[in-house]
1. On a full-extension model of 0.36 nm per residue, what is the gain between residue 79 and residue 39, subtracting their alpha-carbon distance, rounded to one decimal in nm?
2. Can you order the peptides 94-100, 36-42, 168-174 by their average number of other Cβ atoms within 10 Å per residue, highest first?
3. For P(r) over Cα pairs in 10 Å bins from 0, in percent, which listed value, [x] 4, 18, 26, 24, 18, 8, 1, 0; [y] 4, 12, 14, 14, 12, 10, 8, 7, 6, 5, 4, 3, 2, 1, 1, 0; [z] 4, 16, 21, 20, 15, 9, 6, 4, 3, 1, 0, 0, comes from the coordinates shown?
4. Label region 294-355 by shape, choosing from rounded, prolate and oblate, from the square roots a ≥ b ≥ c of the eigenvalues of the Cα gyration tensor; if a/c is under 1.5 it is rounded, and otherwise prolate applies when a/b is larger than b/c, oblate when it is not.
5. When DSSP beta bridges are limited to those with both residues in the chain, what percentage is antiparallel, rounded to the nearest 5?
6. Please give the helix 125-144 orientation as an angle from the longest Cα principal axis of the chain, in degrees from 0 to 90, rounded to the nearest 10.
7. On C-alpha positions alone, give me the angle between the axis of helix 399-433 and the longest principal axis of the chain, in degrees, nearest 10.
8. Can you tell me the order of 119-130, 334-345, 235-246 when each peptide is scored by its average per-residue count of other Cβ atoms within 10 angstrom, highest first?
């Protein structure tokens, strides 16, 4: 069951869900999920989801259903087997009956034996079984790393990625904002600017809004807030006592024709307007994730041609993050709808498979549009699990590297199986045509090749078991 801690403090092992080996602390109000192991103190937990509705149950169901979405290689082999098997059967029947009927002295038993050898050698079991098992092994290895892949076609796409497009906040950065400066203008005090901003933002659940309220660190008198309106992509309007307050991005001020400072500062700038007068701005800073820079570097080393960042932040903030991470191309000051337009342009202008990495349902339209939609931090986010093609259960962007490597290793193993099976069968078929193959050789060419291919497909689970 999923639930919320109502009493106690403990360390829990979340590796069954996220692949993280380091225990984390949970306390009152912390969310806990089915599959997590309590390793220290007693916890009292309020259950809020039955097993059928838990993240763990959804992961199991999606993993089981992943095999229904087949890669092109699987589709080809299945289609090939549909024509190949009847052809082999009719060929074997021809070998068993035609020579004894038309060749003087030909023994039916001898040709029947050759036909049976042909049937055994030609059985497509090694191909039909080992290839789906190879993809299943890749999907299983991914799930052990906390990467949920919804089908072998998406695993194939990961191995062939040409470009990766990242959302910034919550994906490359922690999404934990802090107020680092308050700049008042036009006669307002620093304290009053922060107070009126906190009142205006107090009804919002946005991380930036929460950071401003936290910086204010005083009680909010809700009765003073007469009206509140969220303006998606722009900011917030609030009527506080007798004041009309607009607080938000540069675009909000341009939309209302309010002159203001350009603020060429590396950081997120929240502008404040009271009764159509610009009164200053609040500077917010986000923190890069520890493995974000390493992820960008490793993607380049893996041969990813383009790494692009999309953000609603201002140009200066976006440039600062892009420079720190080594990202060459970025798009700043984008509304949610504009992100989708930019993504479509990127995919139209360049050939090859494009992945988009976002932090959940907020980026759902772009995630759905990408060739491979990847949602970060899917643990407990049902909408993210449903929307994306690939769900990374932790908040580590470096898991994308694991997904690409597993995809490429899976593809390599599958082609090893195909080449090995066809080579061995071709060799024994040649011997069979010359009358030199035995039934034991035929059995090896069928069962032996199938077993070797199955064991080879299982290597992917071992190879990535202890990567970190």
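1. 9.4 nm
2. Those peptides, ordered most packed to least, come out 168-174, 94-100, 36-42.
3. Answer label, from the structure shown: [z].
4. oblate
5. 70 percent
6. Approximately 20 degrees, to the nearest 10.
7. On a 0 to 90 degree scale, this one is about 10.
8. 119-130, 235-246, 334-345
Computed from the coordinates by the stated procedures, all read-outs in this text should not be read as laboratory data. Here the structure is a predicted model, which is why all the values come from computation and not from measurement. Glycine gets a Cβ as well: all are built from the backbone with ideal geometry, and neighbour counts include every protein chain shown.
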